[in-house]
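Student: The structure under discussion is supplied below as structure tokens; questions concerning it will follow.
Derivation of every value follows stated rules applied to the coordinates shown; laboratory data play no part. Just so you know, these numbers come straight off a predicted model, no measurement behind them. Cβ coordinates were reconstructed from backbone atoms using ideal geometry, including for glycine residues, and neighbour counts include every protein chain displayed.
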């Protein structure tokens, strides 16, 4: 009809915004997170997910990367530093929970001073009927500079509205580089390897700073990015933990592929050869290929199999790491990212560094961290 405006599809941005959830103990943070992910408290747990969210009041859709960060005792505050928005959750029915949430909020602001904060009082379904609005007005005055929501993971109260407002806060607070610049400083690394080799534990140790004896598998989606200083540049490193059946789909959109193997098992060369052949057939020629020997904390005494592995690796990046105690993990991923940048531009002027824990020639290394091998 003439004069009638056509419905426009929301414009999609190429940026990603990191939304990190923290909270008081037993606040229902994970239940609230599951409600956002699947629309139900009973949905399968995922510690992170990406979703396109329409920014309220605009015709823009942005990619929000939501991450459920473990509690204070499990994760270092350093892993909050890449957040655009920090969501702090507490139990509306327990006053002590709000006090604990304030400590979490202070910790988040120290770790991510540029991030905006959103405070959520969960479990409002436990309040008496008619009390929720009065509770919301009273509580919202207690949180400085933070957007406040009274919500319920159980009933779904305000969860959808909260998700939209979180996207708006992230979008309004953006200090986002142009897409080309963002792409230039982002390195994506795909982990492959035999079942049980420790891929998921390495990804979680690097991205979240945690170790679970039985890691919760999240599939091939990327974890929240971590930043690393390489020369004069600050680089975003994204790690994808891929299942074998989805590996081929990931090879065309990564800068590096790391083959992970378990150093505690003897004669891993045949397995490495198998993975290298698969990668060389499917990957782009510019992809960096590396190998990480995982679970080195399980090695006691001399590790005689290392020489064969080093000979097979040749000039390829080859690191020995441990997700359990964190040995060499960050340095190993950083060195792979450095090699990716050198592939893009050989004149970036990055000086080669050899940090404690990143040495691959352990049999000849005299560093204190390496002599146990």
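Student: Computed over the Cα atoms of region 11-172, what is the ratio Rg over Rh, Rh following Kirkwood? Display every interim value, and only then the final one.
Tutor: Details: Rg = 14.7 Å, Rh = 15.7 Å.
So for region 11-172, dividing Rg by the Kirkwood Rh gives 0.94.
Student: Nearest 0.05, what FRET efficiency do residue 125 and residue 51 give at R0 = 30 Å with Cβ-Cβ as r? Intermediate values should be presented prior to the final figure.
Tutor: On the way: r = 24 Å, r/R0 = 0.81.
For residue 125 and residue 51, the calculated efficiency is 0.80.
Student: Roughly how many nanometres apart are two label points built 7 Å out from the Cα toward the Cβ at residue 172 and residue 285?
Tutor: With each label placed 7 Å out from Cα toward Cβ, I get 5.1 nm.
Student: Taking 0.36 nm per intervening residue step and subtracting the Cα-Cα distance, what contour gain separates residue 107 from residue 154 on full extension?
Tutor: Details: separation 47, 0.36 × 47 = 16.92 nm, distance 2.75 nm.
The span from residue 107 to residue 154 would gain 14.2 nm if fully extended.
Student: So in region 11-172, what percent of DSSP beta bridges are antiparallel if you round to the nearest 5?
Tutor: Working: 7 of 31 bridges.
Within region 11-172, antiparallel bridges account for around 25 percent of the total.
Student: Under the 0.36 nm per residue contour assumption, what length would be gained going from the current alpha-carbon distance of residue 142 and residue 298 to full extension?
Tutor: Details: separation 156, 0.36 × 156 = 56.16 nm, distance 4.91 nm.
Stretched out fully, the residue 142 to residue 298 stretch lengthens by 51.2 nm.
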